[in-house]
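Accompanying notes for the structure given below.
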């Protein structure tokens, strides 16, 4: 019966191709706009590590000056990063399953002269737990171990693009790369990895791609590697690099992995006890206020999904509804024009239910065709939006977004056709039949 209704619907659409094209175009336009904006929102809002994000916590301490709070929205704002000295002390905790302090720096890469000229590259200094904590994929090798952390060994992990550039894409584990004035042994090569947001560092432009080179964090003091990211200071950072490390400058991101709520509470108490102890030395003069926030909560606090994107997503869906309501009049006129035909069917025994279902199937067929065209149009628009970004951002329709577009297409077809379908099946046959 369903296939019969589909055949009838296709014949009905072929009777008036111009009207059919107008109706399908209206659905396609609404689906195109709504799919485009829901996809852009999904780029920001999707869980970066499904099933694990709620175990990853970002740690912040209020080391700001006594007389005023850290500038920002709300009464209880604190620096978004921690000082080097605090990060190193907190790293002593045995409570987290994994933990890492990290920051972004810059170093010069000196490849083989036959391959490329020296160039400056962004480098992230991390602890070995960084890679399993943030689900970093490897093509060759792996990250370094905790012994390399402790000894500050000159080892490195490079991404696939750097491996392609310097080693032709071959397995380069065990080979060396010169960074600044030191030689580093490569222990791992990342697989293709381009998260929609750089969720391990939300203090800067989180749409940037991952760093191309990773080295042990503990190399930083001896190599005097400064940050190329954000930093905050209210007390001065001294004249030397050692003074900077000992200062109240907040510039380190510190993450922990806690697998139970009890560990989260225990770690927060550990942090609070640490700041209480530091108060005895004249630090942390403000009222005790530290934060240990799960990654999803931290993303919401930072409004990783901009309010403008949320607003435009709602507007785009409302636009689709308006398109559907406007098409209702066209479908009503089309259906009422075949009232004599429907009356004959009713007189021959067709039920109101069968007539209603037949017309709903036609409306949903229009919705599906319009939705397919709208999805294709959204691919074109998303490609254009991707090129408009000042940094490389991959914006693509996922399976979830395609299913969402199909669902919206069915809803749009239903909204546009439910009243016309109901109206045509309620017409009395006797009013349309003429006695010859």
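Going by Cα centres, segment 107-132 and segment 190-258 are how many Å apart? Measuring centre to centre over Cα atoms gives 15 Å. Sorting the Cα pairs of segment 1-100 by distance into bins of 5 Å, from 0 upward, gives 2, 9, 9, 9, 9, 10, 8, 6, 6, 5, 4, 5, 7, 6, 4, 1 percent per bin. Our summary gives segment 116-223 a relative contact order of 39 percent, counting only alpha carbon pairs under 8 angstrom and 6 or more residues apart. Using Cα springs under 10 Å in a Gaussian network model of the chain, which residue among 36, 260, 67 shows the largest mean-square fluctuation? Judging by the Gaussian network model, the answer is 67.
Its Cα gyration tensor gives segment 184-327 an equivalent ellipsoid; the semi-axes, largest first and in whole Å, are 38, 24, 17. Assuming a ≥ b ≥ c are the square roots of the Cα gyration tensor eigenvalues, decide whether segment 63-288 counts as rounded (a/c under 1.5), prolate (otherwise, with a/b larger than b/c) or oblate. It comes out prolate by the Cα gyration axes.
The relative contact order of segment 63-288, computed from alpha carbon pairs under 8 Å that lie at least 6 residues apart in sequence, is 29 percent. Modelled this way, with points 7 Å down the Cα-to-C-beta line, the labels at residue 117 and residue 152 are 3.3 nm from one another.
Springs between alpha-carbon pairs under 10 angstrom, Gaussian network model over the chain: which of 120, 404, 351 fluctuates most? Maximum fluctuation in the GNM of the chain, among the listed residues, is at 351.
Based on the Cβ-Cβ distance of residue 297 and residue 93, what FRET efficiency does E = 1/(1 + (r/R0)^6) give at R0 = 25 Å, to the nearest 0.05? Walk me through the numbers on the way to the answer.
On the way: r = 21 Å, r/R0 = 0.82.
Efficiency computed from Cβ-Cβ geometry: 0.75.
Comparing 329, 143, 417 in a Gaussian network model of the chain (Cα springs below 10 Å), the most mobile by mean-square fluctuation is 329.
Take every pair of alpha-carbon atoms less than 8 Å apart whose residues are at least six positions apart; their mean separation over the length of the chain yields a relative contact order of 27 percent.
The packing ranking, built from the mean of other Cβ atoms within 10 Å per residue, places the peptides 88-98, 152-162 in the order 152-162, 88-98, highest first.
Per residue of the chain, the DSSP helices (runs of n ≥ 4 H) give a summed -39500 (n - 2.57) that works out to -15500 deg cm²/dmol at 222 nm.
Remark: the residue 352-residue 273 segment gains 21.0 nm on full extension, using 0.36 nm per residue and subtracting the alpha carbon distance. Say R0 is 45 Å: what FRET efficiency, to the nearest 0.05, do residue 241 and residue 25 get from their beta-carbon distance? Efficiency, rounded to the nearest 0.05: 0.10.
For segment 142-221, the extents of the C-alpha atoms along the principal axes are 32, 31, 23 Å, listed from largest to smallest.
The label-point distance for residue 310 and residue 376, in a model that sets each label 7 Å from Cα toward Cβ, rounds to 3.6 nm.
Each value in this text was obtained by applying a stated rule to the coordinates, not by laboratory testing. Quantities reported herein were computed from a predicted structural model and do not represent experimental measurements. With ideal geometry, Cβ positions are generated from the backbone for all residues, glycine too; neighbour counts draw on all protein chains shown.
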